[in-house]
Amino acid sequence: HPAIEEGEYWVQVTDTNGCVVTSGVILTYCPQDVYIPTAFSPDGNNKNEFFIPVTGGNVLLDYYMIIYNRWGQKVFESNDYQTGWNGTLNGNDSPSGLYTYLITYKISDPKNQTTGELKKIRGTVTLVR
């Protein structure tokens, strides 16, 4: 049977001569990190329509994302890691260009418990029209 839960697992093998070998392994949860895209293109082709972190199946806790344009104007913010920016401000298309973001989060373990310190990622994303 596959081992999918954290814990200690043991295997015992007996060969045709009756020799017995036992071995164990400890399975622990190793959270994957989050990938932040460097560009997106909200052009209606259903590809890269939103600027959103790629979580690799992780649940993010204490999440917050804020995005600013080149003049320091806030264009988007969210506390929901599954909600990305669609490239608009007040219902109008934002121009192509470079935008600055700050994303903070904690990665959860399989039981939605926090697994570490609050991570802060600052960077830029290019909006392509």
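Every number here is computed from the coordinates shown, using simple stated rules; none is lab data. If you're wondering where the values come from, they're calculated on a predicted model, not measured in any experiment. Positions of Cβ are backbone-derived with ideal geometry, glycine not excepted, and every protein chain shown enters the neighbour counts.
Please give the residues of the stretch 47-64, grouped as numeric ranges, whose backbone N is less than 18 Å from a label point set 7 Å along the Cα-to-Cβ vector of ILE36.
Only 50-64 fall inside the zone, counting backbone N under 18 Å.
Please give the length that would be gained between THR83 and THR124 if that part of the chain were fully extended, namely 0.36 nm times their separation in residues minus their C-alpha to C-alpha distance (nm, one decimal).
Numbers: separation 41, 0.36 × 41 = 14.76 nm, distance 1.79 nm.
Full extension from THR83 to THR124 adds 13.0 nm.
In a Gaussian network model over the chain where Cα atoms closer than 10 Å are linked, find which of GLN82, GLN73, GLN12 has the largest mean-square fluctuation.
Among GLN82, GLN73, GLN12, the largest GNM mean-square fluctuation belongs to GLN12.
Taking just the C-alpha trace of the chain, give me its Rg and Dmax in Å.
When restricted to Cα atoms, the chain yields Rg and Dmax of 22.0, 77 Å.
Based on the Cβ-Cβ distance of THR104 and PHE50, what FRET efficiency does E = 1/(1 + (r/R0)^6) give at R0 = 25 Å, to the nearest 0.05? Mind showing how you got there, number by number?
Values: r = 19 Å, r/R0 = 0.75.
It comes to 0.85.
Take the chain, connect every pair of alpha-carbon atoms lying under 10 Å apart with a spring to form a Gaussian network, then pick out the residue of VAL75, VAL13, VAL59 with the largest mean-square fluctuation.
VAL13
Which residue fluctuates most in the GNM of the chain (Cα springs below 10 Å): PRO95, PRO37, PRO53?
Answer for the Gaussian network model of the chain: PRO95.
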